[in-house]
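As structure tokens, the structure follows; a few thoughts come after it.
The values are calculated or read from the model by the stated rules, or taken from the named source; none is laboratory data. These figures come from a predicted structure and were not determined experimentally. All accessible areas refer to the heavy atoms of the entire protein, side chains included, with ligands and DNA or RNA removed. Shrake-Rupley method; radii C 1.70, N 1.55, O 1.52, S 1.80 Å.
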Amino acid sequence: PAAAQPVLTSGQEAQYDKLQGLSGARFDQAYLQAMVQSHETAMKIFQQEASSGRNLLIKGFAMHMIPAVREHLTEAEELTKSR
């Protein structure tokens, strides 16, 4: 069977379309900004689940993942500043 195609939200489709129309330094900057925004969103979701989640397995997973998401967010922010 064929692999399932990912489903994009309207916001993700808009971001894809924006990035597809860029190149060079403009693409790099827009991509880095998108990565910062994505990691900020992920961080909020993981923190919320870790603090008030009801499923202990998911709550534990969220707590476990927060340091990695925080590190990736910090790296994306640093790359944005260096451009």
task = Run the 1.4 Å probe and let me know the accessible area of Lys44, rounded to the nearest 10 Å².
result = 140 Å²
Sequence of Phe46, Phe61 from largest to smallest accessible area, 1.4 Å probe = Phe61, Phe46
Principal axis dimensions, segment 37-83 - Cα atoms, whole angstrom, descending = 41, 15, 11
request  = Leaving out ligands and nucleic acids, note down the accessible area per residue over the chain with a 1.4 angstrom probe, in whole Å².
outcome  = 79 Å²
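On a full-extension model of 0.36 nm per residue, what is the gain between Leu22 and Gln5, subtracting their alpha-carbon distance, rounded to one decimal in nm? Don't jump to the answer; show the numbers that get you there.
Working: separation 17, 0.36 × 17 = 6.12 nm, distance 2.42 nm.
Result: 3.7 nm gained on full extension.
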request  = Starting from the Cα of Lys59, draw a straight line to each of the aspartates and glutamates and keep only those under 13 Å, dropping any in the same chain fewer than 8 residues away.
outcome  = Glu49
ask   = Cα axis of helix 10-20 to longest principal axis of the chain: angle in degrees, 0 to 90, nearest 10?
value = 40 degrees
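I'd like the per residue volume of the convex hull spanned by the Cα atoms of the chain, given in cubic angstrom.
On the way: hull volume 11.3 nm³, N = 83.
Cα-based convex hull of the chain, divided per residue, equals 136 Å³.
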query = Helix 56-82: angle to the longest alpha-carbon principal axis of the chain, degrees 0 to 90, nearest 10?
reply = 30 degrees
